[in-house]
Structures are given as C-alpha cells and as structure tokens.
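Student: One structure, pasted below without further comment.
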Amino acid sequence: MIRPDEQCSERCVACGTRVEQGMVRRYREEYAVAGIPIYTRSVGYNHYCLECATTELRGGEPSPSAVGTANEYETNKSKPSLERR
C-alpha cells in the first residue's frame, strides 16, 4: 500500500495519473524447476492509484476516462519500462 506521506513519484500503470495513495505490485521473471525458483532474471514494480486499485480488487474495469488517460500517457513516454500488462 502507498500512503500520502510516502512521497511516491510514480504514475498509475492503469490510468497514468500520479500515485499519491494506492497499491504497488511486484513481479518477477524467474526460472524454476519443479516450482522452485533457480534464477531470478528481473524484478519490477507496478504502481496503481487508489481508484484503479479499488476497481480492480472489486473485479471491475477501469473507467473510460482513465483508459484514455493511460493511452495518452503511453504514447508520450520516452523511455522503455518494465511494466507488464
């Protein structure tokens, strides 16, 4: 969970807004044998604003305005990211 006092400077991967409160999910790419991780290739984090995190946890879809904002954000990004969709 992200709290307002944590000074998070990331943007929500779902809607592109700056995250002041919300959720962080960690993901890893790893090689495993019989379900046991042998080698971790990469680790990344996805940040979600409070609205998108709440909507997703309740099983809903993001609002159309949020999706439009995310698409605009994606086209304006200049560097590649580790965000997984």
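Student: Name the pairs: first residue in segment 11-22 and buried (at least 22 other Cβ atoms within 10 Å of the Cβ), second residue among the charged types (D, E, K, R), Cβ to Cβ under 6 Å, at least 6 apart or on different chains?
Tutor: Pairs that qualify, where the first residue is buried (at least 22 other Cβ atoms within 10 Å of the Cβ) and the partner is among the charged types (D, E, K, R), are Val19/Glu10.
Residue-wise test of (1) over 17 Å from the mean Cα position of the chain (by Cα); (2) in a helix (DSSP H, G or I); (3) at pLDDT 80 or above.
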site: Pro37; (1), (2), (3): yes, no, yes
site: Ser42; (1), (2), (3): no, no, yes
site: His47; (1), (2), (3): no, no, yes
site: Cys52; (1), (2), (3): no, yes, yes
site: Thr55; (1), (2), (3): no, yes, yes
site: Ala70; (1), (2), (3): no, yes, no
site: Tyr73; (1), (2), (3): no, yes, no
site: Ser78; (1), (2), (3): yes, no, no
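The values are calculated or read from the model by the stated rules, or taken from the named source; none is laboratory data. Please read these numbers as outputs of a predicted model, since none were measured by experiment. In this analysis, Cβ positions are derived from the backbone assuming ideal geometry, glycine residues included, and neighbour counts consider all displayed protein chains.
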